[in-house]
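The values are calculated or read from the model by the stated rules, or taken from the named source; none is laboratory data. Since the structure is predicted, the reported quantities are computational estimates derived from the model, not experimental observations. Don't worry about glycine lacking a Cβ; one is built from the backbone with ideal geometry, like all the others, and counts go over all protein chains shown. For accessibility, only protein heavy atoms count, side chains too; no ligands or nucleic acids. Shrake-Rupley method; radii C 1.70, N 1.55, O 1.52, S 1.80 Å.
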Amino acid sequence: MRNERFVQRLSATRGFARVAPYVFPALDRAVHRLTRGKVLLSAQLLPALVLTSTGAKSGLPRRTPLACMPEEDGDSWILIGSNFGRPEHPAWSHNLLAHPDARVSWKGQDIPVRARLLERAEREAAWQAVLEFWPPYASYQARVKREIRLFRLLQR
């Protein structure tokens, strides 16, 4: 519990937000590739998956390691477009808005999914669950003027 609180405090800092977007995804992609989809380093802190979406502009496949909040049903996940508390929405969120059909690599399995942007009351309920799941997301939201996008991924 003590280590978790330390990690939460660290991940809520602006310094973490400046460095983490460049370090963690690159390490995750390398380890995920080397272990044939079985290991993600970031999953040691939070549940994580690798999202393969279609580029909104390019139409090319884009692989992005992401923290996620698995839902109780086991067939869906919430993705949080916090972008480490940076001002712009993450590129993967634009991709899902343009092309909601995607794939996730989850615990070594490749799963087809469909993404849906959460809005209004549904978003608010999911946001409260996200904050209980990982409180530092509140500090990310406080740093940005945009509303952090939440997506529900459902297995197809």
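Details
- Test: residue in the range 62-75 that is in a loop (DSSP other than H, G, I, E, B), modelled with pLDDT of 90 or more, surrounded by 15 or more Cβ atoms within 10 Å (Cβ to Cβ) and not hydroxyl-bearing (S, T, Y): yes
- Considering residues of the range 110-123 that are open to solvent by 80 Å² or more (accessible area, probe 1.4 Å) and in contact (Cβ under 8 Å) with a residue 40 or more places away in the chain only, the residue nearest to T52 (Cα to Cα): D110
- A30 being assigned to a helix (DSSP H, G or I) and modelled with pLDDT under 75: no
- V7 vs. criteria surrounded by fewer than 12 Cβ atoms within 10 Å (Cβ to Cβ) and not in a loop (DSSP other than H, G, I, E, B): no
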